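Data block below; observations after.
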There are 2 protein chains.
Amino acid sequence: MAAGAASPRERYRSQVRAEIKERAWQQIATAGASGLSLNAIAKELGMSGPALYRYFGGRDELITELIRDAYRSLADTFRAAAGSGGGLPGLARALRGWALEDRQRYFLVYGTPVPGYHAPEDVTLIAREIMSALLEVCAAAGTGSAAPDSFDAHLADHGQWAGDHAYPPAVLHRALVFWSRLHGVLSLELAGHFTGMGFDPDLLFAAEVERLTAGD
Amino acid sequence: MAAGAASPRERYRSQVRAEIKERAWQQIATAGASGLSLNAIAKELGMSGPALYRYFGGRDELITELIRDAYRSLADTFRAAAGSGGGLPGLARALRGWALEDRQRYFLVYGTPVPGYHAPEDVTLIAREIMSALLEVCAAAGTGSAAPDSFDAHLADHGQWAGDHAYPPAVLHRALVFWSRLHGVLSLELAGHFTGMGFDPDLLFAAEVERLTAGD
DNA sequence: CATGTTTGTTATAGCTTCTAACGCAAGCAA
DNA sequence: TTGCTTGCGTTAGAAGCTATAACAAACATG
């Protein structure tokens, strides 16, 4: 975007910022988001503590940046999957692949929220973008064979979140069910609640996708 | 149990321990588990910092204790619901009620795990107890109308986690689907991913329970 | 060349967890 | 009742963290 032609100073600056974020991802991967230490990152980069504050306003700002990148990455993955004609199974595969690629990144988006934290405006916009791609695929996949229930009736009156496109309630319902069911399996799997049970979570995921595409 | 007749010293000790845990729950409710501060708790109780270490080995031990209590509470809730004949809808209601009662408690059980953390033995035993109650209700509810799929075949070979009772694969599958789907909705709702969308998460939950009981 | 901006430094405040050493007081026993 | 033991709470301190302030050096630009 705007990172092409810039002054050498800005080039250096953005490169250091990127390096900081890279170390931050490494730390998060091994110690979780709560274990991220600016001091440790600074030492790893060979500079001393407060130097990092030239690049990020503080710990919260750095984490917010990582969250934004995580959302962006998921949105791009969804956009690509939605555009490649794989339908709902393709989208599901993309989601699972993205989740397994970096579980801490998944938790940054869908993990336990910090009570005080409020996501900045642009992050909620990316979230809308993700939802939009999902709705698009759901609409293309048809309404399926599930009979309309009371929730569909509710959605007919409370479906403004889908944006401009006036999707039928069945499509909205399908999208919400796709989202919550696959998140349910992925979340439990990534959190390790299936470990030691012996079965393959991938097959449970596949079975849910199966029922999802076969009219719920 | 063993807390009935005890020396006055032990009575005092367990009372202080309980008070500490109560304050800890309050703190977690407002600042999340990562924002729990032993120092702040000590000050609230009128004693100074290191005194808490007479009652808990440290921050990790206190949090582990809270996690254990959360698991215990969920297990008791499940046991009661399983015994009261409400079937799967009753169990689902109980789960939702328990989750909404204290969202941070839910996150302590099903939230983002800390990479290094390993749950102690007894917690995994309580987790098994929870699964056992769920399986019991699933078995009583019948196998439903869902046709056996490849995951059922897989479960026939990998269903040892159900314990002694040799439940049929369909029952195991039903339990896993009950668990993951309801967790999916609850997790997204409690994390606030539905806020601003306008629809009622309770109705989505109810719709999922509906499809869960009506043969998937 | 001079001037202003940006970067990195050290010093410092204030917070955290946690260990160590000490004094006091409560409970138990002879 | 007199002592002894055990446990509780204290202060002091080490090591870590975030974050700010003040300063020095390097850099880019007039």
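The values are calculated or read from the model by the stated rules, or taken from the named source; none is laboratory data. The model shown is predicted, which means the values in this text are computed figures rather than measured ones. A quick note on method: Cβ atoms are made from the backbone with ideal geometry, for glycine too, and the neighbour counts reach across all protein chains shown. Accessible surface is based on the protein model in full, side chains and every heavy atom, while ligands, DNA and RNA are left aside. Shrake-Rupley method; radii C 1.70, N 1.55, O 1.52, S 1.80 Å.
Quick look at the values:
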quantity	calculated
Members of region B:191-211 found to be more than 20 Å from the chain's Cα centre (by Cα) and in contact (Cβ under 8 Å) with a residue 40 or more places away in the chain, listed by number	none
Selection status of B:LEU45, farther than 20 Å from A:ALA191 by Cα, assigned by TED's automatic domain parsing to the domain that holds B:ARG13, open to solvent by less than 30 Å² (accessible area, probe 1.4 Å) and within 16 Å of DNA strand D (Cβ to nearest atom)	no
B:PHE205 more than 7 Å from chain A (Cβ to nearest Cβ) and closer than 29 Å to A:GLY163 by Cα	yes
Identity of the residue in region B:44-68, more than 14 Å from chain A (Cβ to nearest Cβ) and farther than 18 Å from B:ARG13 by Cα, that ends up nearest to DNA strand C (Cβ to nearest atom)	B:THR64
Counted residues, region B:160-193 - those being assigned to a loop (DSSP other than H, G, I, E, B) and more than 7 Å from every other protein chain (Cβ to nearest Cβ)	7
Options B:SER145, B:SER180; residue that is assigned by TED's automatic domain parsing to the domain that holds B:ARG96, modelled with pLDDT of 95 or more and among the polar types (S, T, N, Q)	B:SER180
Lone qualifier among A:ALA40, A:ALA70 - being away from DNA strand D (no atom under 13 Å from the Cβ) and either surrounded by 14 or more Cβ atoms within 10 Å (Cβ to Cβ) or at pLDDT 95 or above (or both)	A:ALA70
Residue pairs meeting the criteria (Cβ under 8 Å; at least 6 apart or on separate chains; first within 15 Å of B:HIS118 (Cβ to Cβ) and more than 10 Å from chain B (Cβ to nearest Cβ), in region A:22-35; second open to solvent by 60 Å² or more (accessible area, probe 1.4 Å) and modelled with pLDDT of 95 or more)	none
Leading residue by the ranking (most open to solvent (accessible area, probe 1.4 Å)) among those in region B:182-202 that are among the aliphatic types (A, V, I, L, M) and within 16 Å of A:PHE107 (Cβ to Cβ)	B:ALA191
Given (1) on the phi > 0 side of the Ramachandran plot; (2) open to solvent by 30 Å² or more (accessible area, probe 1.4 Å), number of the condition B:SER132 does not satisfy	(1)
